[in-house]
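Just so it is clear, none of the values below were taken in a lab; they were calculated from the coordinates. Here the structure is a predicted model, which is why all the values come from computation and not from measurement. When we count neighbours, we look across all protein chains shown, and the Cβ atoms used for this are built from the backbone with ideal geometry, even at glycine.
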2 protein chains.
Amino acid sequence: MPKEIERKFIVDTTQLPKLSNGDHYTQGYIDPERATMRVRITPKGCVLTFKSKEGGTTRSEYEFPVDEATGRALLEDLGRKPFIDKTRVRHDVDGKTWEIDTFYGDNEGLVMAEVELDSEDETITIPEWAVKEVTNDARYYNANLSQRPYSTFAKERTSQ
Amino acid sequence: MPKEIERKFIVDTTQLPKLSNGDHYTQGYIDPERATMRVRITPKGCVLTFKSKEGGTTRSEYEFPVDEATGRALLEDLGRKPFIDKTRVRHDVDGKTWEIDTFYGDNEGLVMAEVELDSEDETITIPEWAVKEVTNDARYYNANLSQRPYSTFAKERTSQ
């Protein structure tokens with residue numbers, strides 16, 4: 001686990017030697033009320049993703065490919081457990097690529113498909129195997145499935 | 001602002017065509033109770049940093065150099081305002097490099113120096129201009145200075 005060991009002091013500038021002007025830094029902190037921070041590890045590498053929490057079809061999303069070893073260490077150290085464990089396969093339907101996720105662990109039994117649109121009102125072919133839309137159902141956000149997995153809403157499933 | 005427009009569906013696997021096995025994904029979400037997520041933009045580029053919130057000299061820290069345009073957009077969109085605005089200059093004292101930060105905006109008047117140690121019990125030379133240690137004072141964490149800036153604790157300062 002990478003550790004930062006540091007000490008901090010208030011500076012009396014009247015006692016400071018003459019120094020160069022230094023570099024300008026702008027920095028801020030992501031608001032956890034408004035964003036989720038995801039670490040995803042796939043066979044192609046590690047990606048950090050920030051998504052806005054606003055619901056519905058359109059959400060802000062920022063992706064950063066990062067060093068896998070560091071990403072994995074971050075996830076183990078500061079990630080909420082359990083993690084989401086799934087396989088993803090891509091499948092084209094009438095010119096659109098669907099991503100079909102099969103979940104494991106506490107989300108065993110859940111298979112979910114996503115399709116990315118070019119605009120909110122784009123008309124697409126919904127294949128017959130896509131049986132129930134859950135775009136606006138926050139329970140099915142991966143962030144929520146890791147904390148309240150599919151196994152906990154089995155009753156609701158059977159009544160659908 | 002990059003937007004993700006997507007629709008999600010539950011899949012009935014009995015109706016799905018035969019597909020390949022897919023790629024394995026492990027993913028999780030950083031716990032905002034335990035970590036702060038910083039975006040820092042400097043003349044040398046943009047860095048995302050995750051730090052554990054535990055106090056004291058030693059904290060976990062994970063750094064990822066990332067694309068600057070995307071990092072800046074993320075900060076503007078999902079960062080807590082106001083941001084921290086400062087200049088940083090490096091200065092060596094007896095073989096250790098000190099980073100001296102001069103703050104602007106609501107933190108105008110604050111000049112703070114940090115030195116990184118190799119171990120918690122390392123003995124270092126404290127220069128005469130480093131007049132007051134604040135390593136364990138959470139008010140001086142940059143994450144807190146952006147929300148409760150130095151200008152708000154002026155009274156405490158004068159009584160020190």
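Considering Cα pairs under 8 angstrom that are at least six residues apart, work out the relative contact order of region B:32-79 and quote it in whole percent. It comes to 33 percent, rounded to a whole number.
Averaged across A:73-84, how many Cβ atoms of other chains sit within 10 Å of each residue's Cβ atom? Other-chain Cβ atoms within 10 Å of each residue's Cβ, averaged: 6.
With its label point put 7 Å out from Cα toward Cβ, residue B:88 sits 3.2 nm from the same residue's point in the other copies, in order from shortest.
Other chains near B:38-46: what is the mean number of their Cβ atoms within 10 Å of each residue's Cβ?
Per-residue shielding by partner chains comes out at 4.
Positive end of the dipole of region B:32-79 (Cβ unit charges, origin at the Cα centre): among B:75, B:35, B:46, the Cα lying farthest that way belongs to B:35.
Rounded to whole Å, the principal axis extents of the Cα atoms in region A:21-60 read 46, 29, 15, largest first.
Size of the protein assembly as shown: Rg and Dmax of its alpha carbons, in Å, are 23.6, 76. Residue and distance for the chain B Cβ closest to the axis that moves B onto A, in whole Å, come to B:32, 2. Label-point spacing for residue B:135 across the identical copies (point 7 Å from Cα in the Cβ direction), in nm and ascending order: 5.4. For chain A, the longest principal axis of the Cα atoms and the long axis of helix A:68-78 meet at an angle of about 90 degrees. Helical content alone sets the calculated 222 nm signal of the protein assembly as shown at -3000 deg cm²/dmol, taking -39,500 (n - 2.57) per DSSP H segment of four or more residues and averaging over every residue. Taken residue by residue and averaged, Cβ atoms of other chains lying within 10 Å of the Cβ of B:113-124 number 3. If the chain linking residue A:152 and residue A:117 were pulled fully straight, counting 0.36 nm for each residue of separation and taking away their Cα-Cα distance, it would gain 9.6 nm.
Is region B:1-116 best put as rounded, prolate or oblate by its Cα gyration tensor, with a ≥ b ≥ c the root eigenvalues, rounded for a/c under 1.5, and otherwise prolate when a/b is larger than b/c, oblate when not? Prolate shape, in that a/c is at least 1.5 and a/b is the bigger ratio.
Between copies, the label points at residue A:45 (set 7 angstrom from Cα along Cα-to-Cβ) are spaced 1.2 nm, reported in nanometres from shortest to longest.
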